[in-house]
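The values are calculated or read from the model by the stated rules, or taken from the named source; none is laboratory data. What you see is a predicted model, and the numbers here were worked out from it, not measured in a lab. Neighbour counts run over all protein chains shown; Cβ positions are idealised from the backbone, glycine included. We work out accessible area using only protein heavy atoms, side chains counted, and drop any ligands, DNA or RNA first. Shrake-Rupley method; radii C 1.70, N 1.55, O 1.52, S 1.80 Å.
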Amino acid sequence: MNETKKGFIQLHLSVLLAGFTGLFGRLITLNEVDIVWYRMLFTSCILLVFTGLPRVGWRKFMQLCGCGALLGLHWMLFYGSIKASNVSIGVICFSLIGFFTALLEPLLTAKRFSWMELLFSLITVAGVLCIFSLDARYRYGIMIGVASSAVCALYAICNKKVSAELRSRTVLMYQMSGGLILVSAIIPLYLVFFPSQQPVVVIPEGTNLWFMLCHALFCTVGMYILQIQALKRLSAFTVNLTYNLEPCYTIVLAFIIFGEGREINFSFYLGIALILLSVLLQSFRAWHAASHKQQRIS
């Protein structure tokens, strides 16, 4: 199995696990701050058992902590968007990650700007706009969701550079544990801009505790190890654009579990179709480029 094919398999498995993230954000009745803090805490404890404390340089450790802080901020905004609107709106906003990656990656790395990538991401933007025509009541949730996708794009770009030559479990371990410290410092500032309507610093118990543990084990440890491995074989843009499939998985489940599909219309289906089209076009482009490169080498 060539490296590109293996990367795509890991990527799509991680997207499938990510599809359950928005559902947990709705099922867990804590506010977004508590969800993120405990998610990082439980994930750090799980990884500590299986990974221990591998040695990394001080500079690399600080870089991993910084990536963890970006990830934590993205999560808070993502769950905040769901709490302010619904699961469908939160995950659809996440589809804009490809658009922000196409803009930010050339600015932050040596990668050349690609008009083709911008075109594919604009197809996604068109899809999101079609879906948003469904209901304009959730503007606040949409605003937070857009900010979430921008922060996540920045995280993925930085993570690709920082995680090179390190084991996936090591990367995630220090991102979660170091990021937990920085996120704890970010939380008071976050609450100034996005005040919570629920009590803060609540100890999870009952179903919340079990949902948090499952969320940490499957949708964090499993998902991000697969994502980090995929980033070693594929570009950050390909990974981020493929994550546009996450809303498709999540929305179908949200329709079934929470009944969020009562008001869907043609524009919704058109938007989903455009998002899928952008993913398929970029996947084909990346696969074709890898095959062409392998032929030249052989």
Given the conditions (1) within 20 Å of Thr238 (Cα to Cα); (2) touching a Phe, Trp or Tyr at 6+ places or on another chain (Cβ under 6 Å); (3) open to solvent by 30 Å² or more (accessible area, probe 1.4 Å), every one holds for Ala84 apart from (1)
With criteria (1) farther than 21 Å from Thr51 by Cα; (2) of a type outside the set (A, V, I, L, M, F, W, C); (3) modelled with pLDDT of 85 or more, Tyr138 comes up short on (3)
The condition from (1) of a type in the set (Gly, Ala, Ser); (2) assigned to a helix (DSSP H, G or I); (3) within 25 Å of Gly141 (Cα to Cα) that Ser196 misses is numbered (2)
Taking the range 239-257 and the residues there that are open to solvent by less than 10 Å² (accessible area, probe 1.4 Å) and more than 13 Å from the chain's Cα centre (by Cα), the one that is nearest to Gly90 (Cα to Cα) would be Ile251
Listed by range, helices (runs of 4 or more DSSP H) wholly within the range 201-285 having at least 3 residues that are under 25 Å from Glu117 (Cα atoms) are 223-231, 236-242, 246-258
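Closer than 13 Å to Leu70 by Cα and not polar (S, T, N, Q), is that true of Ile203?
Numbers: closer than 13 Å to Leu70 by Cα: no; not polar (S, T, N, Q): yes.
No: the conditions fail for Ile203.
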With the first residue restricted to the range 47-65 and required to be at pLDDT 85 or above and open to solvent by less than 90 Å² (accessible area, probe 1.4 Å), and the second required to be hydrophobic (A, V, I, L, M, F, W, C) and not in a helix (DSSP H, G or I), Cβ contacts under 8 Å at 6 or more apart or on different chains are Val56/Leu166; Lys60/Leu166; Leu64/Val56
The condition of being of a type in the set (A, V, I, L, M, F, W, C) and within 19 Å of Val279 (Cβ to Cβ) holds, among Leu108, Leu64, Leu103, only for Leu103
When every residue in the range 210-235 that is among the aromatic types (Phe, Trp, Tyr) and at pLDDT 85 or above is compared, the one most open to solvent (accessible area, probe 1.4 Å) is Trp210
Can you find a residue that is closer than 21 Å to Phe255 by Cβ, in contact with a Pro (Cβ under 9 Å, 6 or more places away or on another chain) and not acidic (Asp, Glu) anywhere in the range 133-148?
no
